[in-house]
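To start, the structure itself, in structure tokens.
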Ligand code: XBP
Ligand code: MG
């Protein structure tokens, strides 16, 4: 079947942004606010079950510091301010070029462009984080490669709700069956699947133990000429790398 659009998740899919990116930025914002909160790698893995930075902070407070009240203002505005600082720190990390794209991402994006397959993004993270990542890894004008960049608070119900994917489909003016989503997590898969979109998973350190029922394939990464991918589950035709050609063949099955 003819694939019309590829819809990418960002965190964990385009790049491994969580452990050494978002986590570090959250911790810096806590330190700066004089809070003795620290998210280590294991705790952060647990907190990733809650998508969205503001929602994650709120969940953490409710479960780990239930009596906490900010010195000034409401809890909501306190979390918003903390999160704005976190975004600043995250953008600083990106600008240092410390977060590269995952294997095969740049290759597949370029191949899609050459084949006339549209590109889109459906993510929970803040819009500036997406544009920052695209610019620091693919160049100043990389945003223009994407017909739709759907991010953050654009929808009120974040992944695993289907809203961000439904919004992306409507902006693309395409049907779910003409698109394929690329995700890294259970929450991401649930979101894309509930919007009716077939989904390919590339796992990472935080998500490799998750269940991905209903994914069209599960791989360790997208693969590249120098670094073949491993098919964990699904059609072996994806090895040594995911291409527009093998995606179109496998989607028909
Ligand atoms: C990603 C997220 C994001 C980031 C932080 O989920 O949950 O919250 O961790 O981004 P997904 P913000 O990959 O499933 O979209 O702090 O900007 O929200
Ligand atoms: Mg993700």
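The values are calculated or read from the model by the stated rules, or taken from the named source; none is laboratory data. Just so it is clear, the structure is predicted and the values come from calculations on it, not from any experiment. No Cβ is skipped: glycine too gets one built from the backbone with ideal geometry, and neighbour counts run over all protein chains shown.
Things to note:
- Qualifying residue in region 54-67 (condition: within 10 Å of ligand 1 (Cβ to nearest atom) and under 30 Å from residue 228 (Cβ atoms)): no
- Matching residues, region 1-11, being within 9 Å of ligand 2 (Cβ to nearest atom) and out of contact with any strand residue (DSSP E or B) (no Cβ under 8 Å at 6 or more places or on another chain): 11
Conditions (1) over 24 Å from residue 115 (Cα atoms); (2) touching a helix residue (DSSP H, G or I) at 6+ places or on another chain (Cβ under 6 Å); (3) surrounded by 19 or more Cβ atoms within 10 Å (Cβ to Cβ), marked per residue:
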residue	(1), (2), (3)
148	no, yes, yes
153	yes, no, no
175	no, no, no
185	yes, no, yes
200	no, no, yes
236	no, no, no
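- Whichever residue in region 36-57 is farther than 18 Å from residue 187 by Cα and touching a residue at least 12 places away in the same chain (Cβ under 8 Å) and, among such residues, is surrounded by the fewest Cβ atoms within 10 Å (Cβ to Cβ): 41
- Filter result (out of contact with any helix residue (DSSP H, G or I) (no Cβ under 6 Å at 6 or more places or on another chain), more than 11 Å from ligand 1 (Cβ to nearest atom) and either without any contact (Cβ under 8 Å) to a residue 12 or more places away in the chain or part of a helix (DSSP H, G or I) (or both)) within region 1-31: 20, 24, 27, 30, 31
- Single residue of 215, 181, 192 found to be assigned to a loop (DSSP other than H, G, I, E, B), buried (at least 20 other Cβ atoms within 10 Å of the Cβ) and within 14 Å of ligand 2 (Cβ to nearest atom): 215
- Hits in region 116-133 (condition: in contact (Cβ under 8 Å) with a residue 60 or more places away in the chain, within 16 Å of ligand 2 (Cβ to nearest atom) and over 11 Å from the mean Cα position of the chain (by Cα)): 120, 133
- Number of positions in region 147-176 that are more than 15 Å from ligand 1 (Cβ to nearest atom) and touching a residue at least 24 places away in the same chain (Cβ under 8 Å): 5
- Test for residue 139: is it modelled with pLDDT under 95 and away from ligand 1 (no atom under 15 Å from the Cβ): no
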